[in-house]
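Everything below concerns the one structure shown next.
The values are calculated or read from the model by the stated rules, or taken from the named source; none is laboratory data. Source: prediction; values computed, not measured. We work out accessible area using only protein heavy atoms, side chains counted, and drop any ligands, DNA or RNA first. Shrake-Rupley method; radii C 1.70, N 1.55, O 1.52, S 1.80 Å.
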Amino acid sequence: MSILINLATEFTGKKAFREAEDATKRLEKSVKTLGKALGYTLSAAAIGAYSRAAVKAFAADQAAIQRLATAVDNLGLSYFKTDIEDFIAKTQASAGILDDVLRPAMQALLTTTGSLTKSQELLNNAITISRASGIDLATVAQDLANGYVGITRGLKKYNTGLTQSELKTKSFADILGVLLTRSAGAADAYLTTTAYKMEVLGVASANAKETIGKGLVDAFALLGGGSSAADAAKTIAERAPKIALDMDRLERETH
């Protein structure tokens, strides 16, 4: 029996126990299914280590979502929050780039352009240029954001074939056109590489970890009689000694 199920027995009342048992059984199944998919039989210690990492991943993801949401509010674009998150989710799936990377890049573009449509367009352009040049997406997005407002010196590193004088005098649209023309073939070719396939796999793994982390937060919050991450953190702190003992016992039983 998993440590997650053992924790459920500490609930009081039939309804609370049923809720906790359902939550923890789903969570346990998710962790074990992931392990089997990756070719591993997870021990209690491995589940514990993965669970801690999952909670951390979920917390980091929530913090990133909140940072972007705050920036969007400050720009007066609150109405588009759902559209922005949907766009990031779709881009993550199609491009194989973690939302942890996409959100800061999107934030930089939104802050500079003030336009959702233009920011989406430039983020897609940044992905193409990043894949072709090997320069990280955050740097490319910031360079495009700067170029959009006339600061083009950062675009010199992309080997456009343009002189410094041309970079200063040509419009951003013209420079971007040159960049995209030079990047198109290499960017398309990247989609056939093992590196791209590994990135897609990494995204799927990260999403699974965040989902399991959410399940853990929900389960521990229920244990504390609440529903928030703060309730979960309090429960974990209070029950850490017992969790450690149960983990040790379960580890011995699996050997």
key: Note, ³J(HN,Hα) from phi for the range 128-144, Karplus 6.51, -1.76, 1.60, rounded to Hz, x at Gly and Pro   = 4, 5, 4, 5, 6, 8, x, 8, 4, 4, 4, 5, 4, 4, 5, 5, 5
inquiry  = Under the rule a/c < 1.5 gives rounded, and otherwise a/b versus b/c splits prolate from oblate, where does the range 96-173 land using the Cα gyration tensor?
reply    = oblate
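For the pairs Lys90/Lys118; Lys90/Lys170; Lys118/Lys157; Lys118/Lys156; Lys156/Lys197, note any where the Cα-Cα span goes beyond 26 Å.
Working: Lys90/Lys118 17 Å; Lys90/Lys170 33 Å; Lys118/Lys157 23 Å; Lys118/Lys156 22 Å; Lys156/Lys197 30 Å.
Exceeds cut-off: Lys90/Lys170; Lys156/Lys197.
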message = Using protein chains only and a probe of 1.4 angstrom, how many square angstrom of Val178 are accessible, to the nearest 10?
response = 40
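Which order do you get for Thr139, Thr82 if you rank them by accessible area with a 1.4 Å probe, largest at the top?
Working: Thr139 45, Thr82 95 Å².
Largest accessible area first, the list is Thr82, Thr139.
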Karplus 3J(HN,Hα) series, Hz, for the range 153-165 with 6.51 cos²θ - 1.76 cosθ + 1.60 (x for Gly, Pro) = 4, x, 7, 4, 5, 8, 6, 6, x, 8, 6, 4, 5
request  = From largest accessible area down, sort Tyr148, Tyr79, Tyr158, Tyr190; use a 1.4 Å probe on the protein chains.
outcome  = Tyr79, Tyr148, Tyr190, Tyr158
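Ignoring ligands, DNA and RNA, please state the percent of accessible area on the range 86-129 from carbon and sulfur, probe 1.4 Å.
Carbon and sulfur together cover 52 percent of it.
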